Amino acid sequence: MKNQAQQLLKKLKFWRQDHNAVRVLAIDGGGVRGLIPALILEQMEVLTGKRIYELFDLVAGTSTGGALALSMVCPQPKYNGMPMKASEMVEFYETETTRIFSRSLWQTIRTAGALMDVKYYSDGMRDVLKERLGDVKMSAALTDVLITSFSIDRCDAHFFKSSEGKKDPLADVLMRQAAQATTAAPTYFEPYFLENPVPQQPSAFIDGGVFANNPAMCAYVEAKTMFPDAKKFIIVSLGTGELFEKYSYEQARSWALAGWVRPMINIMFFGADIAVDKQLRALLPTNKHGRKSYYRLQTKLTTDCGYLDDTSKENIQRLRDITTREILQAQAGTINEICERLMVDVK
């Protein structure tokens with residue numbers, strides 16, 4: 001008992017060094033694979049007894065990660081001003097994503113499998129976001145939030161920020177508008193047209209994943225901007241599964257445009273995710289005492305569960321099983337460590 005008490009005191013002393021550390025959460029894009037970070041966040045809420053907005057100073061997300069981030073910080077009138085629990089978002093991915101990724105036989109034929117038009121109409125996405133986020137504005141976020149998107153008519157990366165909404169009412173868009181902008185994945189959904197994303201500049205937006213599927217670097221830069229005097233950061237980056245196919249020289253040497261289309265998309269998305277991970281590991285290395293400033297929770301996927309829009313019960317179960325085995329169990333020590341550190345300055 002004495003040894004256990006000494007170990008506990010030593011650990012508490014170790015973690016108290018995190019006092020005043022800026023805590024940042026970043027969630028990748030990935031369609032229905034958003035179930036993976038949702039399960040991790042559910043575990044974190046169970047371990048800490050706190051909601052996600054209470055654990056972080058900034059939450060960032062791209063695409064499905066953006067919608068998940070907003071759900072974690074959106075005050076809901078029906079919940080007495082509290083956001084949804086992570087467990088509710090797990091349930092959403094498991095039972096309701098079919099409403100978003102749904103199309104009739106006629107639509108499949110008419111669009112020639114997404115070759116002639118978008119694969120899905122945006123009605124399902126719009127209705128779900130309206131139900132989940134209501135008419136709450138970005139400025140009402142319970143902790144600061146950053147959502148990535150790309151303006152195709154201005155050819156510019158755009159960040160929907162709660163901090164900007166607090167400063168400028170004209171830039172204070174609805175959370176569901178930011179969510180629909182960041183989830184407008186090319187070929188899957190049509191671009192989202194927003195009348196006033198910034199004063200007097202209407203724009204058409206697509207999925208932020210085209211430049212920041214892993215928004216962790218964007219989140220770190222934003223945190224450095226928001227807290228310029230901060231010396232300590234804890235960055236928690238949640239992936240949605242890694243499915244990277246390798247290609248040999250013999251395979252690729254004779255590819256033309258048609259041959260490169262699918263591999264290029266795969267390389268661009270996952271290559272960018274990996275690059276951000278490497279950059280943050282270089283910028284925020286583990287110190288000589290073994291203290292980390294940056295955590296990345298990610299897992300590899302098999303080809304049968306890598307699709308963004310596979311909402312079948314079989315695929316959902318595969319994603320749950322992989323997350324449980326490869327992250328919640330295999331990386332349980334890391335998750336416990338993260339939760340202990342986040343609780344030092346809990347709100």
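The values are calculated or read from the model by the stated rules, or taken from the named source; none is laboratory data. Quantities reported herein were computed from a predicted structural model and do not represent experimental measurements. Surface accessibility is based on the protein's heavy atoms, side chains included, excluding ligands, DNA and RNA. Shrake-Rupley method; radii C 1.70, N 1.55, O 1.52, S 1.80 Å.
Bridges between two residues of the chain, per DSSP, are antiparallel at a rate of about 45%. Taking 0.36 nm per residue of separation and subtracting the current Cα-Cα distance, fully stretching the chain between ALA330 and ARG262 would add 21.3 nm. Using a cutoff of 8 angstrom between alpha carbon atoms and counting only pairs six or more residues apart, the relative contact order for region 229-347 works out to 34 percent. Solvent-accessible surface of region 130-250, taken per residue with a 1.4 Å probe and all protein chains present: 44 Å².
For the chain, the average shadow cast by the Cα convex hull is 20.1 nm², which is a quarter of the hull's surface.
Leaving out ligands, DNA and RNA, and with a 1.4 Å probe, what % of the accessible surface on the chain is carbon or sulfur? Answer for the chain is 55 percent, counting heavy atoms of protein chains only.
Listed by number, the DSSP H helices of the chain that run 24 Å or longer by alpha-carbon position along their axis and have mean Kyte hydropathy of at least -1.0 are 257-283.
Taking LEU174, LEU146, LEU284 as the candidate residues, the one with maximal mean-square fluctuation in a Gaussian network model of the chain, Cα springs under 10 Å, is LEU284.
Per-residue ellipticity at 222 nm from helix content only, as computed over the chain with -39500 (n - 2.57) for each DSSP H run of at least four residues, stands at -13000 deg cm²/dmol. Remark: region 223-345 is approximated by an ellipsoid whose semi-axes, taken from the C-alpha gyration tensor as √(5λ), come to 33, 21, 13 Å, largest first. Springs join every pair of Cα atoms under 10 Å in this Gaussian network model of the chain, and among ASP123, ASP309, ASP229 the largest mean-square fluctuation is at ASP229.
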